[in-house]
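What follows is one structure encoded as structure tokens, with my remarks underneath.
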Amino acid sequence: MEELKDLFQGKKRKHSRSAGADEIRSFKTKFVRYYMFDFVLLFKIKKIRLMRIVIMLFVGLISTIVFAQAPKVDFLGQLSYTNKLSDVWGFEKCGKEYALVGVSNGVSIVDVTDPQNPQELFFESGAYTNWRDIKTWNNYAYVVNEGSGSLLIMDLSELPLSIETYNWTGGMYDGEMLTFNTAHNIFIDENGIAYLCGSDLTQGVFYLDLNSDPINPTILGGYQDNYVHDLFVRGDTMWTAEYFQGRIVAFDITDKENEIPLGLVNTPQNAAHNIWLSDDGKFMFTTDETSNGYIAAFNVEDPTNMFQVDSYYSNPGSGSIPHNTFVKGNYLVSSYYNDGVTVADISDPSAITQVDEYDTTTDAGYGFDGCWGVYPYLPSGIILATDINEGLFILGDINQSFGANSIIGNACDDADSNTENDVFVDEGCTCIGELPINVNNNFLNLKVFLQGTFEENFTGIPFMRNDLGEAGLIPLSEPYSDFAEFTHIDGGGETTDLSIINAPGNSAIVDWVFIELRSAETYEVVATKSALLKKDGIIVNTSGLSNLKFVVPDGQYYVAIRHRNHLGIMNANPIYLSGGPSIFIDFTKLTTSTYGEYAQVQIGSVKAMWAGNANLDSKIIYQGASNESNDIFFRVLQDMNNPSAYTNFITSGYFNQDINMDGNVIYQGQNNDTNYIFFNVLNAPNNTTLSSNFVINEQLP
């Protein structure tokens, strides 16, 4: 009898249940004990060897029946990254499947429809951090991180052609403006309520309604008593993993402003990390993120009286650490750091049995490396896994065919006279026409200095002042639509918010700039974008991210940067855009060639755009027709707050005549803008005669 018990309670070499689990019989054990053992006694088979053979045949049969629907974790494909990875989530649209991958420096969107050939479509740069978490609701992805940058919102409705990004930096709650920057984790329930935990807004959880405006959600309330590491919500019950208390707490959150604690339970090793509920809601599964940590099962039918029914670990005694576990039918699919991806049968939650695994790393035992995240819910059945160092893994059934259901990119007819380039692509999976061939999303990273606000600090590191931002003078809407000299093409009307303008340190905004893509053949402007310039010279989009997106056909382009009172510049050598990696152009370097002669002013070891083009005529003139000195003079003289027409009056505000960009227009007196024009003209490299009526011309074709 004991030999039979030993035979049926044995696990695969690497897998074990915790103490106490041996007293609970699995389905296989019960079947054999009550039926097979009686069968053996009936026929008085006395040789234990024969008994083992017969019993093993039955176990094999039962295993086939029980495990037939287990998720497969065969290796299908892999995508490597230079930077480390964190979490992963999935997204499906019109039969195409995508991985949303957290990378230490941003978010990667990968087409995994053909899992053996994953293709990165987009990369959205962000703050450098080891923690990035992603969830989706309808056609939007919501991304939090522990670095900075607030809640990144990505509109995925136009995949695979394009994405749009937004940043939510906070909102009104109870009459107060709350500012949000970082969070450890995010969960979105079946009703479109997002729960952000471990944030700078509250250590616990705060709730956002994504339904009325998915890019500007409404704060509904929150729980603040303890630090929450992760959570799970279904219906009106919230389950929080309170890591430092080592416990799971259940709350009734019917009233989002008045959550009611229902009960709590400690996890086996008091390191409660993540939670997922069974489909029927009767059982909760948790991970203890610690050496030799358990994945545990709890009966939660009565949240006021939760109790553990089983626990197991993947590799007993090795020190390996479980991270996140997810319920998929009768199975748990888990990311298990150095043990990779594991699959466990939970058809009987009191007898968890690991049935499959795929190790993403050669590392073993204790350590926070290996598999961070796993996502098992794509319609095709493939499983996405992110290994911190080894990249994105696509796992599944090696014998399955993939991608057959996708219609995106297939030819169609939109019923007009031209069907040459019609394809399926839009949100409703319907047909659109005349899509230009080889149109790609292209990303530029640009750096430039404005002479008017340029400084060097005591360390010798060049930067720019943000006097306009500190004075609250930078408009939240781009200013270039107000000037006839700036023509928007596929751009215009860009807006930002104060949290971006007033970002800390060198991320603070100096001013708006105007970016142009120009044809390499004709210099014609083909696309524009208003963007924001940081103190360190990096140009960012209105969400504060450095990747500037242009959707243009493959080809050669010049990049021009213009400003409302500085002379514009353009790279001397066109760049080739074809949807590849982001291209960086640093216009501050002396070695970066610009179009024309003396297009920028040299300041020590860097270059900057010439300051002084106050009247937007593409010239800097101190004396003579259309000179900037007169523009400054009349701005001061005509100020309604200067009724006496004093020439040394100071006009404050956001004006083009504020050449040094300190928030004041000054014609005469200390820090006056007229002298800035004078010395620029006098010191221009090609003004060899030191003439005060020399003209500095903008070097743009």
Step by step: first the residues of the range 537-565, then only those that are in contact with a Phe, Trp or Tyr (Cβ under 6 Å, 6 or more places away or on another chain) and under 23 Å from residue 699 (Cα atoms), then the one that is surrounded by the fewest Cβ atoms within 10 Å (Cβ to Cβ). Which residue is that? 556
Mind listing whichever residues of the range 660-670 are open to solvent by 60 Å² or more (accessible area, probe 1.4 Å) and either without any contact (Cβ under 8 Å) to a residue 12 or more places away in the chain or under 44 Å from the mean Cα position of the chain (by Cα) (or both)? 670
Please report, ordered by residue number, the strands (runs of 3 or more DSSP E) entirely within the range 158-214 with at least 2 residues that are among the aliphatic types (A, V, I, L, M), farther than 19 Å from residue 504 by Cα and free of Cβ contacts under 8 Å to residues at least 60 places away in the same chain. 185-188, 193-197, 205-209
Conditions (1) open to solvent by 50 Å² or more (accessible area, probe 1.4 Å); (2) outside any loop (DSSP other than H, G, I, E, B); (3) at pLDDT 95 or above; (4) not basic (Lys, Arg) -> residue 654 fails only (2)
Among the candidates 634, 678, single out the residue that is free of Cβ contacts under 8 Å to residues at least 60 places away in the same chain, more than 18 Å from residue 453 (Cα to Cα), of a type outside the set (D, E, K, R) and not in a loop (DSSP other than H, G, I, E, B). 634
Would you mind stating whether residue 45 is of a type in the set (Val, Ile, Thr), at pLDDT 70 or above and not in a helix (DSSP H, G or I)? no
Does any residue in the range 527-541 that is in a strand (DSSP E or B) and modelled with pLDDT under 95 come within less than 6 Å, Cβ to Cβ, of a residue that is surrounded by fewer than 22 Cβ atoms within 10 Å (Cβ to Cβ) and among the charged types (D, E, K, R) six or more places away or on a different chain, and which pairs are these? 527/490; 538/447
Among the residues in the range 72-91, are any acidic (Asp, Glu), within 30 Å of residue 540 (Cα to Cα) and surrounded by fewer than 24 Cβ atoms within 10 Å (Cβ to Cβ)? no
Got at least one residue in the range 256-263 being polar (S, T, N, Q) and assigned to a strand (DSSP E or B)? no
Please indicate, with yes or no, whether at least one residue in the range 211-225 is at pLDDT below 95, of a type outside the set (Gly, Ala, Ser), surrounded by fewer than 20 Cβ atoms within 10 Å (Cβ to Cβ) and closer than 30 Å to residue 339 by Cα. no
Just one listed residue, out of 190, 176, is under 15 Å from residue 277 (Cβ atoms), of a type in the set (Asp, Glu) and either modelled with pLDDT of 95 or more or open to solvent by 30 Å² or more (accessible area, probe 1.4 Å) (or both), and it is 190
Can you report the number of residues in the range 143-160 which are crowded, with 18+ Cβ neighbours inside 10 Å and either out of contact with any Pro (no Cβ under 9 Å at 6 or more places or on another chain) or farther than 24 Å from residue 190 by Cα (or both)? 11
What residue, of 613, 671, is at pLDDT 95 or above and within 21 Å of residue 449 (Cβ to Cβ)? 613
Among the residues of the range 537-544, is there at least one that is under 30 Å from residue 674 (Cα atoms), out of contact with any Pro (no Cβ under 6 Å at 6 or more places or on another chain) and among the polar types (S, T, N, Q)? no
Collect the residues in the range 246-281 that are within 23 Å of residue 374 (Cβ to Cβ) and not aliphatic (A, V, I, L, M), keeping them in residue-number order. 267, 268, 269, 273, 274, 276, 278, 279, 280, 281
In the range 493-527, which residues are touching an Asp or Glu at 6+ places or on another chain (Cβ under 7 Å) and over 30 Å from residue 147 (Cα atoms)? 518, 525, 527
When (1) over 48 Å from the mean Cα position of the chain (by Cα); (2) under 20 Å from residue 616 (Cβ atoms) are applied to residue 673, the one that fails is (1)
Considering (1) surrounded by fewer than 19 Cβ atoms within 10 Å (Cβ to Cβ); (2) part of a strand (DSSP E or B), say which one residue 372 fails and leave the rest. (1)
With the checklist (1) polar (S, T, N, Q); (2) farther than 19 Å from residue 116 by Cα; (3) modelled with pLDDT of 70 or more; (4) open to solvent by 20 Å² or more (accessible area, probe 1.4 Å) in hand, flag the one item residue 442 doesn't pass. (4)
Can you tell me how many residues within the range 113-133 are over 25 Å from residue 498 (Cα atoms), part of a strand (DSSP E or B) and open to solvent by less than 30 Å² (accessible area, probe 1.4 Å)? 1
Suppose we keep only residues that are within 30 Å of the chain's Cα centre (by Cα) and of a type in the set (D, E, K, R) within the range 230-270. Which one would you say is surrounded by the most Cβ atoms within 10 Å (Cβ to Cβ)? 230
Selection over the range 494-506 where residues are open to solvent by 50 Å² or more (accessible area, probe 1.4 Å) and in a loop (DSSP other than H, G, I, E, B) yields a count of 2
Name the residue, out of 508, 484, that is under 27 Å from residue 673 (Cβ atoms) and in contact with a Gly (Cβ under 6 Å, 6 or more places away or on another chain). 508
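The values are calculated or read from the model by the stated rules, or taken from the named source; none is laboratory data. Bear in mind that the values here come from a model prediction, so they are computed numbers and not experimental data. Because the Cβ atoms are built from the backbone with ideal geometry, glycine has one as well, and the counts that use them run over all protein chains shown. Ligands, DNA and RNA are stripped out before the accessible areas are found, and what is left, the full protein with its side chains, is counted by its heavy atoms. Shrake-Rupley method; radii C 1.70, N 1.55, O 1.52, S 1.80 Å.
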